[in-house]
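Working notes for the structure below.
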Amino acid sequence: TWRYAYDLRGRLIDVQKDFCFPEGSLYLMDASLQGVGFAPAHDAGIADDVTAQVQAIFEQLASGELQTGVDPVSGDLLEAAAPAEEATAVPEPTAAPEDTSAGATTVCLVTDLGRVNDGGFNQSAYEGMLRAEADFGLTTKYIETQAQTDYEANINTCVDEGFDVVVTVGFLIYDATIAAAKANPETFFVGVDQFPAESVANFVGIQFREDQAGFLAGAMA
């Protein structure tokens, strides 16, 4: 479940309190939301005590007890001399915009280059769509992109078929997504691994705490 959405001015929206489709905002997935985590070790020779130590670090990140020293929105390094309470303070949630997304029942997913079983963002987005389909009774469809030149056509296929929400995956498809959002203001667009460079009322990006993932990778190393 998403908790917070950041708008382009760094203001925080409490999504659990005031759910809406926030204009030009960014859903930030972190350790507390299982937005970052560990893949199975498979055949890697990782000692149990190492796994336990890194798991403990993950739990501290998830609880907020441990900070990475990086601003979660901008990626800038936080001032080392800043008091801990200042560096880790959570902004007061702002009033959410009026909910304009009520009644959305159909979702169309457009992948980046890759399949819905690629073990990456495409598959995660696909499985999330299936979960939403089951939980909320949505009608869904997906289109697997074969070449970057297909982005615009694939997105427009979803729009032309009348889907309420179009989800696109990957930063490379961002430009085509924003162009479609501007051209189709009645359709809602969600960009996975996309940061909104401008405020577009019917677009929201989803990003992941790469600073936390990198922190965990460094601890493992």
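Overview of results
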item: Amide hydrogen neighbours beyond the local backbone of Val200, cut-off 5 Å, H modeled; result: Gly24
item: Backbone HN-Hα couplings from phi across the stretch 117-126 [Karplus 6.51/-1.76/1.60, Hz, Gly and Pro as x]; result: 10, 7, x, x, 4, 4, 5, 4, 5, 5
item: Accessible surface of the stretch 104-221, 1.4 Å probe, proportion on carbon and sulfur as whole %; result: 53 percent
item: Amide proton proximity set for Ile143, modelled H, under 5 Å, gap of 5+; result: Leu109, Val110, Thr111
item: Model label zone, Asp135; criterion: amide N under 18 Å from point 7 Å along Cα-to-beta-carbon; scope the stretch 147-169; result: 165-168
item: Nonlocal amide H pairs with Met29, under 5 Å, H built at 1.01 Å; result: Gln207, Phe208, Arg209
item: Label-point separation in nm, Ala41 to Gln146, each point 7 Å along Cα→Cβ; result: 4.2 nm
item: FRET E, pair Ala153, Asn117, Förster distance 35 Å, beta-carbon r, rounded to 0.05; result: 0.95
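The values are calculated or read from the model by the stated rules, or taken from the named source; none is laboratory data. All of these numbers come straight from a predicted model, not from anything done at the bench. All Cβ positions, glycine included, derive from the backbone under ideal geometry; neighbour counts span all protein chains shown. Calculation scope for accessible area: heavy atoms of the full protein, side chains included, ligands and nucleic acids excluded. Shrake-Rupley method; radii C 1.70, N 1.55, O 1.52, S 1.80 Å.
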